[in-house]
Amino acid sequence: MIVFAHHQKTAGTTFIFVLRANFGWQHCQSAKVKTKLFTQKDLEKVRRGFPGLKSLMGHNLMAPTEHLTGDDLFFATMLREPVKRMASHFQDHSLRGGNTLDFKNWCARYPETHNVQTVRTAGVPDVEKAKAILAKKYHYIGLTEDFNQSLKLFKVLSPYPVSINYNKRNAAATKKHSRSVLENPENLKLAQETNALDLELYRFAKEELYPQLLAKHQKALEETPDPTVFPADYKPFKFRLSKFYNNVIFSSLEKLKRT
């Protein structure tokens with residue numbers, strides 16, 4: 001079963017599309033279990049609620065290799081260049097989350113946006129632990145900056161046959177917020193300082209782990225077609241079925257259990 005550790009603003013929405021479009025009601029969005037930290041007990045619950053469960057993904061999958069066990073678990077994640085990830089996080093919070101703070105004050109107000117990928121991998125701000133976990137416990141690591149090749153690698157490594165076609169996400173209405181980070185020397189320095197651990201983790205993944213995976217599976221990758229990118233309104237049956245099962249069937253059952 002695929003356990004995808006989703007770090008904010010690393011193309012996770014597109015990856016959710018791929019999982020939903022392949023597995024339908026056998027894909028679970030872990031947020032439907034109303035807990036801040038998804039545990040082994042929650043995994044047992046969703047296995048009962050999603051017969052034949054094949055994939056699991058969500059923001060409450062914090063350090064999943066530390067909290068979930070099972071011989072069939074296939075741990076996967078996607079990493080993104082940390083400064084760009086943080087700039088995108090700031091932009092999204094400003095455009096859709098109601099944030100009115102400038103970047104400096106936002107950064108101080110939300111320390112949980114610092115070193116997101118390290119903390120969500122290791123459970124603590126310990127980059128050496130995060131490196132060891134990625135190297136020893138993760139079956140798949142992709143890079144947002146090499147997205148299509150990363151999807152091809154996922155197709156090669158996935159424990160199930162998968163299609164890696166996806167729909168194009170709508171671009172943000174404006175990028176002024178992310179540019180205020182990336183094009184302002186003071187803000188850029190702050191983003192680098194508050195993501196020093198993530199920068200080290202990303203370099204490790206980009207320069208060592210990811211190239212090793214590509215080299216190991218070079219022949220299979222060469223034989224794997226590039227994904228087809230469909231318009232944003234492309235929503236195949238299994239994708240719609242997955243949303244309905246997660247949002248209506250499973251969520252309704254969870255509400256009944258809590259009453």
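The values are calculated or read from the model by the stated rules, or taken from the named source; none is laboratory data. Quick caveat, the model's predicted, so the values are computed rather than measured. Note that we place each Cβ from the backbone using ideal geometry, even for glycine, and neighbour counts take in every protein chain shown.
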Q.
Tell me which helices (runs of 4 or more DSSP H) are completely within region 1-119 and hold 3 or more residues being among the aliphatic types (A, V, I, L, M), or say none if there are none.
A. 12-23, 82-96
Q: Test each condition in (1) farther than 24 Å from M86 by Cα; (2) within 15 Å of the chain's Cα centre (by Cα); (3) crowded, with 18+ Cβ neighbours inside 10 Å for I164 and report the one that comes out false.
A: (2)
Q) Taking region 44-58 on its own, how many of its residues are of a type in the set (A, V, I, L, M, F, W, C) and farther than 14 Å from F75 by Cα? A) 3
Q) Just checking, which of K155, K136, K131, K84 is loosely packed, with under 14 Cβ neighbours inside 10 Å and of a type outside the set (S, T, N, Q)? A) K136
Q | Flag if H67 is of a type outside the set (S, T, N, Q), closer than 18 Å to K9 by Cα and at pLDDT 95 or above | A | no
Q: Scan region 139-152 residue by residue and report those that are surrounded by fewer than 19 Cβ atoms within 10 Å (Cβ to Cβ) and more than 13 Å from F74 (Cα to Cα).
A: E145, D146, F147, N148, Q149
Q) So which residues in region 8-29 are under 19 Å from K238 (Cβ atoms), under 12 Å from the mean Cα position of the chain (by Cα) and surrounded by fewer than 23 Cβ atoms within 10 Å (Cβ to Cβ), if there are any at all? A) G12, T13, T14, I16, F17
Q: Would you check if K84 is in contact (Cβ under 8 Å) with a residue 24 or more places away in the chain and over 26 Å from I2 (Cα atoms)?
A: yes
Q. Can you tell me which of R179, R169, R203 is touching a helix residue (DSSP H, G or I) at 6+ places or on another chain (Cβ under 9 Å), of a type in the set (D, E, K, R) and modelled with pLDDT of 95 or more?
A. R179
Q. Could you say which residue among A205, A215 is surrounded by 11 or more Cβ atoms within 10 Å (Cβ to Cβ) and either of a type in the set (A, V, I, L, M) or closer than 20 Å to L143 by Cα (or both)?
A. A205
Q. What tally of residues in region 87-117 results from selecting those that are surrounded by 16 or more Cβ atoms within 10 Å (Cβ to Cβ) and among the hydroxyl-bearing types (S, T, Y)?
A. 3
Q. Given the structure, is R203 under 23 Å from M86 (Cα atoms) and of a type in the set (D, E, K, R)?
A. yes
